[in-house]
Amino acid sequence: MATITTDDGIELYYEEAGDGIPMVFVHEFAGDYRSFEPQMRHFARRYRCIAYNARGYPPSQVPEAVAAYSQDRARDDILALLDGLSIARGHIVGVSMGSLAALHFGLHYPDRALSLVLGGCGYGALASEQEQFRSESASFAQKIDAEGMPNVAADYGSGPSRVQLENKDPRGFAEFVAMLAEHSSLGSTNTLRGVQMNRPSIYDMKESLAALTVPTLVMAGDEDEPCLDASLYLKRTIPSAGLALLPKTGHALNLEEPDLFNRLVDDFVHQVDAGRWHLRDPRSLGHSMLSQN
């Protein structure tokens, strides 16, 4: 079993395929390394692709203490993976919880990121939504504690931004819920309490986001309501960001629309590799609608 060890002694499981420029996939709360199978198969034709499980997600190690889980730890676990595999720089592709880890990685270690893909980023970040998000996360953690992940997976999988996958791809949705049911109850509750509930809002990071020059692609489903405003905010704040909205799509955008997701990321990383992804032209920020005057 392939693992690397973090600086605090946690073993992280990973799988890789392909050769070339490295591309690292960072999964969402309800996913794991298997969630990126459509991307691993596609991008391994041209890239060295690595998908790993976050701490708390077997076969990665599941620390018992909530203190072992945080946004900073999630960020630094990406660094530990790169260091453990002797990778100097890579394209970092994250979805949801993974996109926030990727964003923080790019902010703190910009020299290690060739690019950032932020899919479904910013869930619960609006000031008006933060208390609700934390409250619902705490309640869900208690529910997992009481009933176990196998008994709550189906309920979580049928949330407002998950039904799109169920409607489009019933077999894929059933697989998604079955894999979610296999997650560690302890790892999931600790992730909710240590990472999700305590992460900083992207709206409180405006200064650092405005200084980010790592090529960035922000992606969101247009029916992923909690991420729409956040995605626009990221586009407008990060000078190196482009924004792609996937029509009639919810939160699990890489599973709902794998072909479209792959094409958009493919075009993005090719532009980055060719040196053709530039910072936003400041002239596009003028107040006039019709001219520069």
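Read-outs: derived from the displayed coordinates by stated rules, not from any lab. Remember, it's a predicted structure, so these values are computed and weren't measured experimentally. A quick note on method: Cβ atoms are made from the backbone with ideal geometry, for glycine too, and the neighbour counts reach across all protein chains shown.
Computed from Cα positions, the angle between helix 97-108 and the longest principal axis of the chain comes to roughly 50 degrees. Under 5 Å between amide hydrogens, built in the peptide plane, is the criterion, and for G20 it picks out R48 among residues at least 5 positions away or on other chains. For region 53-58, the Karplus equation 6.51 cos²θ - 1.76 cosθ + 1.60, evaluated at θ = phi - 60°, returns couplings of 9, 4, 4, x, 10, x Hz by residue, with Gly and Pro reported as x. Among A80, I144, F133, which residue has its Cα positioned farthest towards the positive end of the charge dipole of the chain, with +1 placed on the Cβ of Lys and Arg, -1 on the Cβ of Asp and Glu, and the dipole taken about the Cα centre? Of A80, I144, F133, it is A80. The simple spin-label model puts a point 7 Å past each Cα toward its Cβ; for L228 and A127 those points are separated by 2.2 nm.
Work through the residues other than I10 whose Cβ is under 11 Å from its Cβ and net out their charges, Lys, Arg +1 and Asp, Glu -1. Local charge sum for I10: -3.
Applied to region 166-172, the Karplus parametrisation 6.51 cos²θ - 1.76 cosθ + 1.60 on θ = phi - 60° returns per-residue 3J(HN,Hα) values of 4, 6, 7, 9, x, 5, x Hz, with x for Gly and Pro.
Per-residue 3J(HN,Hα) values for region 236-243, derived from phi via the Karplus relation 6.51 cos²θ - 1.76 cosθ + 1.60 with θ = phi - 60°, read 6, 9, 7, x, 9, 9, x, 10 Hz in sequence order (x marks Gly and Pro).
How much net charge surrounds R276 when only the other residues with a Cβ under 15 Å from the Cβ of R276 are counted, with Lys and Arg +1 and Asp and Glu -1? Every neighbour counted, the sum reads -3.
Listed by chain and number, the lysines whose alpha-carbon sits under 29 Å from that of K143, ignoring those within fewer than 8 places in the same chain, are K168. Amide H to amide H distances under 5 Å link G242 with T216, L217, V218, where only residues 5 or more positions off or on other chains count and H is placed in the peptide plane. When each of the peptides 147-159, 276-288, 78-90, 248-260 is scored by the mean number of other C-beta atoms lying within 10 Å of its residues, the order from highest to lowest reads 248-260, 78-90, 147-159, 276-288. What FRET efficiency do you get for R41 and I87 if R0 is 22 Å and r is their Cβ-Cβ distance, rounded to the nearest 0.05? That pair, R41 with I87, gives E of 0.60. Here's how it looks for A30: its modeled amide H is under 5 Å from none belonging to a residue 5 or more places away or on a different chain. With R₀ fixed at 45 Å, the C-beta to C-beta distance from E64 to D281 puts the FRET efficiency at about 0.35.
Adding -39500 (n - 2.57) for every DSSP H run of four residues or longer, then dividing by how many residues the chain holds, sets the calculated 222 nm ellipticity at -13000 deg cm²/dmol. Rounded to the nearest 20 debye, the dipole magnitude of the chain is 800 debye, with +1 charges on Lys and Arg beta carbons, -1 on Asp and Glu beta carbons, and the Cα centre as origin. What's the magnitude of the charge dipole for region 205-293 around its Cα centre, counting Lys and Arg as +1 and Asp and Glu as -1 at the beta-carbon? Answer in Debye, nearest 20. The dipole of region 205-293 has a size of about 520 debye. Label zone (A211, point 7 Å along Cα-to-C-beta; backbone nitrogen cut-off 14 Å) within region 223-263: 239.
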